[in-house]
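The values are calculated or read from the model by the stated rules, or taken from the named source; none is laboratory data. Bear in mind the structure is a predicted one, so any value in this text is a computation, not a measurement. Don't worry about glycine lacking a Cβ; one is built from the backbone with ideal geometry, like all the others, and counts go over all protein chains shown. Quick note on the areas: whole protein, heavy atoms, side chains included, nothing else; ligands and nucleic acids left out. Shrake-Rupley method; radii C 1.70, N 1.55, O 1.52, S 1.80 Å.
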Amino acid sequence: PAAEGGSSWRFYRSRQEVRQLVASLDERGVNERALKRALQAALPQLRLADEPAPSPPAGPWRSEGPHVGARVVLHFAGVGESEARVVRYLPPSEDEPALWHVEHDDGDEEDLEEDELLAGVAKLEARPADGLQEIEGPFALWRNGPQPRGARDPPLGLPA
């Protein structure tokens, strides 16, 4: 949770949500007008979490299989959580376990074993139904509200 009286960070994961945001921005405000124009310019190039992944390369990886298309949440120590979509499945071989290839919403990719995949699915299912997340980490300590007289925070609100 955000510090008392501070901000909490949220994000949009679908093109429809971003379009709704753009439509709600007021052209009369300098900052809102600039944000609206920047989002309108960037929207065609964005690949958002609700959109299908590009076609997979040929080879032993399959674009259909268990959990393909599922969303997962993975935790990275010191960084936080990242959402991803399962885009390919590699069936087990005689000496190797099955793997699932995921593409993170930020563009990173990785292969997961079944226990990692199932933990990521469970973490996503445990989230609130509205989908809005509070992000925890040093950046969440930034406070936009007034500070007590004489209080000094480290630069950018990061812990000292």
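For segment 66-113, the per residue solvent-accessible surface stands at 52 Å², with DNA, RNA and ligands left out and a 1.4 Å probe. Taking all protein chains as shown and a probe of 1.4 angstrom, Asp106 keeps an accessible surface of around 110 Å². Computed from the C-beta positions of Ala41 and Asp108 and an R0 of 35 Å, the FRET efficiency is 0.90 to the nearest 0.05.
In segment 58-120, taking the dipole from charged Cβ atoms about the Cα centre, the farthest positive-side position among Pro97, Leu112, Val87 is held by Val87. Per-residue accessible area (protein heavy atoms, 1.4 Å probe) orders His104, His75, His67 as His75, His67, His104, starting from the largest.
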